Amino acid sequence: MELDRVTVDGHRSKPWVRIEDGEIIEAYSRYPLAEPPTRPRFLLDVHLARLARYLRLFGFDTAHHTDAADPQLVAQSLAESRILLTRDRGLLMRGTLVDGSYVRATEPRQQIVEVVERFALTRVTAPLIRCLACNGSLRRMPAADAVPVVPASVAESHTDFTTCEDCGRVYWKGSHYRRLLAIIEETGATR
């Protein structure tokens, strides 16, 4: 069983805290949650790059670093109130980590289904609102502004564009868009 939280005499506590005689301990299961976090934020370790892109595809604020050491990941998880997802059990055993979860699946499409189920996220997905590359928010972009930055054939055949507010990447509904919709549909992880 993965724990969501542990309380000692009604106060949130770490699971490894030494208890005194007569204290009342309550342990609450994390999987599955009855209600999803309002807008969960995630942090993924180096081994979960594809899952990070999928979580962004589904609209979740997802940080991912290819070079962060374990102490840095734990510190960021705490500082930014992010749920740390990992396939490294040792990372989850760090004493200061509050919100973390082990990802059992090894295949990315199975991983996204696992995470959505584990955190009961189906009702709070919002596909295609985040940049898959950098996690920034996407906003509509006037076609006239997209013309100088997209291939001429795309500018001629598309009028609907979005851009990342952070990195400036431009998105349109081409063949890649259809593949993304297929991933969303295949996983069954949306409403």
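The values are calculated or read from the model by the stated rules, or taken from the named source; none is laboratory data. Nothing here was measured: the structure is a model prediction, and the numbers come from that model. Counting neighbours? That spans all protein chains shown, and the Cβs are built from the backbone with ideal geometry, glycine included.
Quick check, is residue 162 in contact with a strand residue (DSSP E or B) (Cβ under 7 Å, 6 or more places away or on another chain), surrounded by 15 or more Cβ atoms within 10 Å (Cβ to Cβ) and among the β-branched types (Val, Ile, Thr)? Spelling it out, residue 162 is indeed in contact with a strand residue (DSSP E or B) (Cβ under 7 Å, 6 or more places away or on another chain), surrounded by 15 or more Cβ atoms within 10 Å (Cβ to Cβ) and among the β-branched types (Val, Ile, Thr).
Across the range 84-116, the number of residues qualifying as touching a Phe, Trp or Tyr at 6+ places or on another chain (Cβ under 8 Å) and surrounded by fewer than 19 Cβ atoms within 10 Å (Cβ to Cβ) comes to 6.
Whenever a residue of the range 42-70 is within 13 Å of residue 180 (Cα to Cα) and of a type in the set (Asp, Glu), it has no partner that is modelled with pLDDT of 95 or more and in a strand (DSSP E or B) lying with C-beta atoms less than 6 angstrom away and at least six residues away or across chains. Pairing each residue of the range 113-136 that is assigned by TED's automatic domain parsing to the domain that holds residue 50 and among the polar types (S, T, N, Q) with any residue that is buried (at least 19 other Cβ atoms within 10 Å of the Cβ) and in a helix (DSSP H, G or I), provided the two are 6+ apart or on different chains, yields C-beta distances under 9 Å for 122/116; 125/116.
Residues that are more than 13 Å from the chain's Cα centre (by Cα), buried (at least 20 other Cβ atoms within 10 Å of the Cβ) and of a type in the set (A, V, I, L, M, F, W, C) are absent from the range 40-51 altogether.
Is it the case that residue 154 is buried (at least 18 other Cβ atoms within 10 Å of the Cβ) and touching a strand residue (DSSP E or B) at 6+ places or on another chain (Cβ under 9 Å)?
No: the conditions fail for residue 154.
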